[in-house]
1. Could you look through segment 18-40, keep only residues that are over 22 Å from ALA223 (Cβ atoms) and in contact (Cβ under 8 Å) with a residue 40 or more places away in the chain, and pick out the one that is surrounded by the most Cβ atoms within 10 Å (Cβ to Cβ)?
2. For segment 254-295, name all the residues that are small (Gly, Ala, Ser) and out of contact with any Gly (no Cβ under 6 Å at 6 or more places or on another chain).
3. When only residues in segment 164-194 that are in a helix (DSSP H, G or I) and among the acidic types (Asp, Glu) count, which is farthest from GLY147 (Cα to Cα)?
4. Quick one: SER197 ticks every box in (1) in contact (Cβ under 8 Å) with a residue 12 or more places away in the chain; (2) assigned to a loop (DSSP other than H, G, I, E, B); (3) surrounded by fewer than 16 Cβ atoms within 10 Å (Cβ to Cβ); (4) in the same structural domain as ARG32 (by TED's automatic domain parsing) bar one, so which box is it?
5. Just to be sure before I move on: is ARG84 in the same structural domain as PRO210 (by TED's automatic domain parsing), under 22 Å from LEU48 (Cα atoms) and modelled with pLDDT of 95 or more in the structure I sent?
6. Please work out which one of (1) aliphatic (A, V, I, L, M); (2) buried (at least 20 other Cβ atoms within 10 Å of the Cβ); (3) modelled with pLDDT under 95 is the condition ALA301 fails and give its number.
7. Take the conditions at positive phi, modelled with pLDDT of 95 or more, of a type in the set (S, T, N, Q) and surrounded by fewer than 22 Cβ atoms within 10 Å (Cβ to Cβ) and apply them to ASN226. Does it pass?
8. How many residues are surrounded by 21 or more Cβ atoms within 10 Å (Cβ to Cβ) and without any contact (Cβ under 8 Å) to a residue 60 or more places away in the chain if we restrict to segment 260-277?
Amino acid sequence: MTLHVDLSDVAAHASSCQSLTGIQRVQLEYVRFIVRKNDRKSKIFADLYGADVDLGPLFHAPDAGSDAVMAQMRLLFGPASAGRSCWPLAETRAKAALKLRWAGGVLRRAAGGSRRRFGPSDCLYVGGAFWAHPPSVRTYERAARDGCDVAILFHDVLPVAAPDLADPGCRPLFERMLRLRARAITVSRHSQAQIESARRALGAADDLPPATIVPLAHEFAAAPRNFVAGGAPTLRAAALQGRSFALCVGTVEPRKNQLPLIRLWERLAREMGPDWPRLVVAGKPGWRCEETLRALKAADAASPHVWIEAPTDDELAWLYGRARLTVFPSLAEGWGLPIGESLWFGKPCVASNAASMPEVGGALCAYANPRRIETFAEPIIRLVRDADHYHASVAAIRASRLRTWEETAEALLDASAPLRADGGAGPQRRASRARGSGVPAAL
């Protein structure tokens, strides 16, 4: 069987936005791995707005890092009028067809009106934001009906399990995917429980196997562990040079809970005095974020917080490496990549105690209640003011074993690899699935 990996949602993201979110990072790291390990048996593609593109050559380039791959995808899928940081998706849809360009003369373009078809000799892996692409979901449903082995990575099921924290327009496609006769993969025990509950509530087939858990990595692939850069990579990062700051990474939206954190930080800055570290919020605008954006945009040089919009990998590496600590007060996550990334850079994190997030940091993080933002104050103050506690936290993090993207991708390849003809998995796959079914003991 051939393993087909659909990156249509990554291509759509590249066509409209300059920066990556966690979902694109996970997919690109996985594809980089399987191209190295499983090249002859894998097909990497994007099927977007009638354009069917083989993306495999992008991952053979000498510089196939996430930022480089996304830059090439923008050349292929972006609108002709480049130069803006984010283009409305509706604008690209309004065009009669994508104006695809060759990327270094190595990509094959195959544009047509029909979408790919998959059958019994195929395995189709879906690892991204399917909830934004109805034509893709129809392709997956047809593939399952035609006997294709479909494997779906559900990062979370928030539109079904926590609809107040998600775009309501995503729910119908989530429900269709949860009812699909397919193998489910997820990233945490918390998400697994939510998937099984949602499937039962939606009347999915009783004989579907439980979702396989493949915990994500702590590694930030663009930087070595405990990395601290020299000079700032950009002028906006340079404005923080020589200043103590805490870092909060994530898309700006209500679920990430940045506005209550900003208000808490303003109070702490007043109470703790002029040497209190600044709060850096790093992330692109999301949905329903108008009030948070007003607070961020109103900041000036004297404000206790600053916004780094849509940071690049180089900027993120510099921010993580220079931050004293990180704060992640999200209300709900399927995983929580910034928690693991903070640990990768050897930085203590005060994280939410909700949903999956304690699975990411284990005993290496301090936790607080995101619904009561004032509970974040005590662990933050202790990390800022108590030098012995801070250095002990850093030492514990640096002495701990953290999971790399190669380990995660290997487990994910085992979980998504085509099943045998009898519907089972070989011994190696069973053993690897067992290894990937939980969080390492060190955490």
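The values are calculated or read from the model by the stated rules, or taken from the named source; none is laboratory data. Small disclaimer: the values here were computed from a predicted structure and weren't measured. Here the Cβ is made from the backbone with ideal geometry for all residues, glycine too, and neighbour counts use every protein chain on show.
1. Residue satisfying both the conditions and the ranking: ILE34.
2. ALA269, GLY273, ALA282, GLY286, ALA295
3. Here the residue is ASP164.
4. (2)
5. In short, no.
6. (2)
7. yes
8. Selection size over segment 260-277: 2.
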